[in-house]
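Bear in mind these aren't lab numbers, they're just calculated from the coordinates by the rules spelled out. Bear in mind the structure is a predicted one, so any value in this text is a computation, not a measurement. Cβ sites come from the backbone with ideal geometry, for glycine too, and all protein chains shown count toward neighbours.
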Amino acid sequence: MISSLLHYQFLQNAFMAALLASIACGILGTIIVEKKLVMMSGGIAHTAFGGIGLGYYLRIEPIYTALAFSLFSALSIARIQRRATVMPDVLIGMFWPLGMALGILFISMTPGYPPSMSSYLFGDILTVSRVDLLVMAVLDLLLLLTVVSFYHLLQAYWFDEEFSMALGLPVVLAESLTYAMIAITVVVLIRVVGIILILALLCVPPALAGLFRNDLPGIMGLAVLIGAVFCLSGLGISYCYNIPSGAAIVILSVLVYTGTQLLLRCSSSYFTTKR
């Protein structure tokens with residue numbers, strides 16, 4: 001594959017996409033796991049499908065409308081959650097199917113033959129274009145700048161929201177930034193693993209990194225590295241065996257996490273018995 005990487009631009013694009021996706025999933029995935037926003041992130045991810053359908057209907061690049069749709073949905077969810085006595089699970093149950101339904105509706109209204117949505121639903125890293133890479137790079141930079149600029153505020157909100165409110169910190173701003181960054185991360189990952197498989201790439205690298213580090217910057221950094229290994233290894237497996245790239249990345253990451261957990265438990269039991 002290395003020789004092919006030097007000759008084929010689509011593989012070079014896929015390589016860069018894997019690295020860019022790992023930055024987003026490592027940083028925001030850590031926050032999502034620590035803040036227990038996994039299912040909420042899944043709801044926001046599925047609302048992006050409505051934006052993709054809208055893009056096809058309006059004949060606009062779907063990734064742009066997916067970003068706008070995801071941001072609007074994420075901020076709406078945050079606002080409704082603050083203002084109304086609605087359980088988060090109820091909001092997820094409303095917005096998750098709403099986004100999918102709107103996407104189906106817009107696609108059905110699109111003139112001509114319906115477009116193939118498999119790359120958006122299940123990911124296809126081998127079809128990433130230069131425009132996609134540029135969008136991913138800009139969004140990654142935006143994520144990094146936001147986290148660095150508001151790190152202390154966001155860290156206080158992520159770990160103790162009630163105490164942050166007691167201190168008079170702008171919790172609403174921190175919450176809005178967090179949900180907006182989740183929406184951005186979803187768009188970064190769509191072309192790599194797809195809407196349906198996004199949760200795995202958001203959860204597994206941070207969860208695996210948390211087994212070896214207990215500090216937030218350390219978990220983020222290690223999660224980025226682990227995410228890059230998963231994406232690049234999945235890309236290699238996909239290319240060599242002609243299987244879907246998103247599925248290869250997700251299956252590999254879950255197998256490695258499961259194997260690591262079993263290995264750590266076995267080693268812990270072994271040393272406990274030896275004592």
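Here the scattering of the chain is modelled by Debye summation over its C-alpha atoms, one equal scatterer each and no solvent; at q = 0.11, 0.12, 0.16 Å⁻¹ the log10 of I(q)/I(0) is -0.63, -0.75, -1.24. Protection proxy ranking for 126-137, 256-267, 101-112, using the average of other Cβ atoms within 10 Å per residue and placing the highest first: 126-137, 101-112, 256-267.
The calculated FRET efficiency for ARG79 paired with ALA101, based on their beta-carbon distance and R0 = 30 Å, is about 0.90.
Sorted on the mean count of surrounding Cβ atoms within 10 Å across their residues, most packed first, peptides 244-251, 171-178, 220-227, 233-240 read 244-251, 220-227, 233-240, 171-178. Check each of the chymotrypsin sites (Phe, Trp or Tyr not before Pro) in the range 1-66 and keep only those in coil by DSSP with at most 15 other C-beta atoms within 10 angstrom; list them in order. Here the chymotrypsin sites (Phe, Trp or Tyr not before Pro) that fit, given the DSSP loop and packing criteria, are TYR8. Centre-to-centre separation between the Cα atoms of the range 22-39 and those of the range 147-206: 7 Å.
Given an 8 Å cut-off on Cα distances and at least 6 residues of separation, report the relative contact order of the range 2-274 as a percent. That works out to 31 percent. Here the relative contact order of the range 139-230, from alpha carbon pairs under 8 Å that lie six or more residues apart, stands at 20 percent. Full extension of the chain between ASN214 and CYS240 gives 5.7 nm of extra length, using 0.36 nm per residue less the Cα-Cα distance. For the range 75-226, the calculated P(r) over all alpha carbon pairs, in 5 Å bins from 0 to the bin holding the longest distance, is 2, 8, 12, 17, 20, 18, 13, 7, 3, 2, 0, 0 percent. The 3J(HN,Hα) values that the Karplus relation (6.51, -1.76, 1.60; θ = phi - 60°) gives for the range 13-27 are, in residue order, 4, 5, 4, 5, 4, 4, 5, 5, 5, 5, 5, 5, 5, x, 6 Hz. Gly and Pro appear as x.
Cβ-Cβ distance of PHE159 and VAL254, R₀ of 30 Å, FRET efficiency by 1/(1 + (r/R0)^6): the value works out to about 0.65.
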